[in-house]
Amino acid sequence: MIRISIDLMGGDFGPQVVIPGAAKALERHPDISFVMYGLKEQCEPVLDRFPKLKEKSVFHDCELAVRMDEKPSQALRRGRYVSTMWRTIEAVKTKEADVAISAGNTGALMAMAKFCLRTMANIERPAIAAIWPTLKGESIVLDVGATIGADSQQLMDFALMGGAMARALFEIERPTIGLLNVGVEEIKGQEEVKEAGRLLREANIDSLEYYGFVEGNDLGKGTVDVVVTEGFSGNIALKAAEGTARQIGEYLRAAMSRTLLAKIGYFFAKGAFDMLREKMDPSRVNGGVFLGLNGVVIKSHGGANAEGIAAAIEVGYDMAKNGLNQKIENDLQKYHAKRQPPIGPEAA
């Protein structure tokens, strides 16, 4: 049984969408049980509509919910120990749950997760990893917004964590890792990125394969299994991709309704367009994973529909079932053990 704690008040729509999303996830994975945190008067009427979900859930009434526009520092002061978001994360710390899910305020969620769970040994900064649709299937991109800027060692840690996530999610024995850069030549890019490339080449880690530098157009191609970057450029890439997908969708809708002939053509090609819509649907790959913490936390898109919430829950389910954090800890331990200088006779 995979135990999932979930913030019912998170996101733009709260329990009206989160609870139906949890019900969808339970239909697909009957071995899930939920620990739910919400405001009783808003959640119970919705939960009553899903008896199977209610039977597999324990509900906890909380004092308050973190607002989507609340500053992280304010949310931490106001909501520590009492908010739906804090208690959702705390359930992972106390081992009541295997993974925490929230569609709430990203900054507040990261602040609370860092404060409550703390970072792993040898990890200075956590990262948010996103699942990215590609021409070959899916890849992982990190960091997509947890931090602004990163030095070479932090990028190296992101590579280790992203590689462990690829093994847990895609069941790839030795995932390929690429560093996002302005060119593939070794002389291009910021010094931190070039130094991170050197570290990855020289580390010779048996759990991942360093591919080299990749460019922005490699994200959609699926050139590598894991793309590593710092949070500023990663977040811009993510938002640009989401915006482009919506833009193409609008173009297609406008083109298909322009003339009678276009409408007839759409009728005959409807199956192909439905497949394209499914491929471009952001809810299919919803769920950013907070990596580097002593516990698994999944951030759902705030505007996600029920299908998107279910997708985020399924990401958390896979991470817990495949031992994500244990894989990360093992990889970090092996890497940092190699970095320690050998102890000579005099030192011993």
Count, please, the residues in region 135-163 that happen to be at pLDDT 85 or above and in contact with a Pro (Cβ under 9 Å, 6 or more places away or on another chain).
6
Give me the pairs, please: first residue somewhere in region 141-158 and under 13 Å from ASN181 (Cα atoms), second residue anywhere and open to solvent by 20 Å² or more (accessible area, probe 1.4 Å) and in a loop (DSSP other than H, G, I, E, B), beta-carbon distance under 9 Å, and either six or more positions apart or on two chains.
LEU155/GLU230
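Listed here are the residues, each with its yes/no results for (1) at pLDDT below 90; (2) part of a helix (DSSP H, G or I); (3) surrounded by 15 or more Cβ atoms within 10 Å (Cβ to Cβ).
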residue	(1), (2), (3)
ASP274	yes, yes, no
GLU307	no, yes, yes
TYR317	no, yes, yes
ILE328	yes, yes, yes
TYR335	yes, yes, yes
Subset of region 161-185 that is of a type outside the set (A, V, I, L, M, F, W, C) and open to solvent by 50 Å² or more (accessible area, probe 1.4 Å) - its residue that is nearest to the chain's Cα centre (by Cα):
GLU171
What single numbered condition from (1) modelled with pLDDT of 95 or more; (2) under 30 Å from GLY231 (Cβ atoms) fails to hold for ARG80?
(1)
Could you say which residue among ALA97, ALA108, ALA121, ALA91 is part of a loop (DSSP other than H, G, I, E, B), aliphatic (A, V, I, L, M) and buried (at least 20 other Cβ atoms within 10 Å of the Cβ)?
ALA97
Looking at region 1-84, what helices (runs of 4 or more DSSP H) fall wholly within it and have at least 2 residues that are out of contact with any Phe, Trp or Tyr (no Cβ under 6 Å at 6 or more places or on another chain), open to solvent by 50 Å² or more (accessible area, probe 1.4 Å) and touching a residue at least 60 places away in the same chain (Cβ under 8 Å)?
15-28
So how many residues does region 234-254 have that are open to solvent by 40 Å² or more (accessible area, probe 1.4 Å), over 18 Å from ALA129 (Cα atoms) and of a type in the set (Gly, Ala, Ser)?
1
On the given criteria, is GLY231 crowded, with 16+ Cβ neighbours inside 10 Å, small (Gly, Ala, Ser) and touching a Ser or Thr at 6+ places or on another chain (Cβ under 6 Å)?
yes
Of (1) open to solvent by 50 Å² or more (accessible area, probe 1.4 Å); (2) in contact with a Leu (Cβ under 9 Å, 6 or more places away or on another chain); (3) not hydroxyl-bearing (Ser, Thr, Tyr), GLY212 satisfies all except one. Which?
(1)
Report, by residue number, each residue of region 142-154 that is among the hydrophobic types (A, V, I, L, M, F, W, C) and closer than 14 Å to PHE290 by Cβ.
LEU142, VAL144, ALA146
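The values are calculated or read from the model by the stated rules, or taken from the named source; none is laboratory data. Given the structure is predicted, the values throughout are model-derived calculations rather than measurements. FYI the Cβ positions are ideal-geometry reconstructions off the backbone, even for glycines, and counts take in every protein chain you see. Side chains included, ligands, DNA and RNA excluded: accessible areas come from the protein's heavy atoms. Shrake-Rupley method; radii C 1.70, N 1.55, O 1.52, S 1.80 Å.
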